[in-house]
Amino acid sequence: MLERIAATRYVTPLREGGSLPGVVEADDLGTYVVKFREAGQGRRVLVAEIIAAELGRRLGLRTPELKLIDLDPQLGVREPDEEVQDLLKASTGLNLAVDFLPGALGFDPLAWSADPVFASRVVWFDGLIHNIDRSWRNPNLLVWHGDTWLIDHGAALWFHHNWRTADPRRPFDAGDHVLAPFARDVAAAGTELAAKITPELLEAVTALVPGEWLDGEPGFGSAGAVREAYADHLLRRARGPHDWLVRSGQKAPRQGPGSVGEFWRGGGR
């Protein structure tokens, strides 16, 4: 299970993206980027963060440590920003804390080059988890102590916004991926990583998601059933043909909508 801590002070909001995460200090004397349960994108974003980041960590990719953090209703009382105050009050209880990496710099493909093996692994991994949010416009990579760290996986696993259309063969276009120019053998990386993805591994990763964030998911009778659905989807995607990973200009096998935009324009059909 993820360690559980309590927030002691709200420091400052991070006004990047639409979810308004905040820097928060906790009772373990640590500082964290907290993603709030009642932010506009909802609890599924926190579920995706846990599953994607913890799976990546177990596959040998660097991701900041995650913890569950309790928010006291009094924490936001003195917050002068009304939007932040409302978010803190609405998110009383359990939220997600991501270890803050002090002094980390955002990955800039014009300033840093990526190791080809590392780049190939990340491209394949993002295809596995349907992560559409690691482009040159928004790399979601940090350079810290000479290593490159993967952050912000809330946009991954986007099929869970409409489970009835979830498709393990849905194409992933890697042409816009920030590390695609550095990747040399994505197929070999996929073979290597897929061999490590077992039912036991996926069971362990999905078990880290709090049941209260899965209860009430439409179409499922229990939190356990939702965990099984995530694990089954990822196992089938890893173990099946990897022709879902394509580059721009290649013809992708059509198994339903091929992008988030197309998914929503078609009402999820």
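The values are calculated or read from the model by the stated rules, or taken from the named source; none is laboratory data. All values reported here derive from a predicted model rather than from experimental measurement. Glycine gets a Cβ as well: all are built from the backbone with ideal geometry, and neighbour counts include every protein chain shown. What goes into the accessible areas is simple: the full protein's heavy atoms, side chains included, and nothing from ligands, DNA or RNA. Shrake-Rupley method; radii C 1.70, N 1.55, O 1.52, S 1.80 Å.
Structural remarks
- Scanning the range 99-131 for residues that are within 13 Å of Gly146 (Cα to Cα) and among the polar types (S, T, N, Q) turns up just one, Ser113.
- Subset of the range 85-114 (residues that are at pLDDT below 90 and either among the aliphatic types (A, V, I, L, M) or open to solvent by less than 50 Å² (accessible area, probe 1.4 Å) (or both)): Pro109, Leu110, Ala111
- Out of Leu71, Leu66, Leu75, one residue alone is more than 16 Å from the chain's Cα centre (by Cα) and open to solvent by less than 20 Å² (accessible area, probe 1.4 Å). It is Leu71.
- Flag if Glu82 is open to solvent by 50 Å² or more (accessible area, probe 1.4 Å) and modelled with pLDDT of 95 or more: no
- Filter pass, Arg15 being outside any strand (DSSP E or B), surrounded by fewer than 18 Cβ atoms within 10 Å (Cβ to Cβ) and under 14 Å from the mean Cα position of the chain (by Cα): no
- Exclusive hit being closer than 24 Å to Val205 by Cβ, among the aliphatic types (A, V, I, L, M) and out of contact with any Ser or Thr (no Cβ under 9 Å at 6 or more places or on another chain), set Ala174, Ala166: Ala166
- Selection within the range 115-147 - of a type in the set (Val, Ile, Thr) and open to solvent by 30 Å² or more (accessible area, probe 1.4 Å): Val117, Ile132
Listed here are the residues, each with its yes/no results for (1) of a type outside the set (S, T, N, Q); (2) crowded, with 18+ Cβ neighbours inside 10 Å.
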residue	(1), (2)
His153	yes, yes
Phe159	yes, yes
Asn162	no, no
Ala189	yes, yes
Lys196	yes, no
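- Filter result (buried (at least 23 other Cβ atoms within 10 Å of the Cβ) and free of Cβ contacts under 8 Å to residues at least 40 places away in the same chain) within the range 35-50: none
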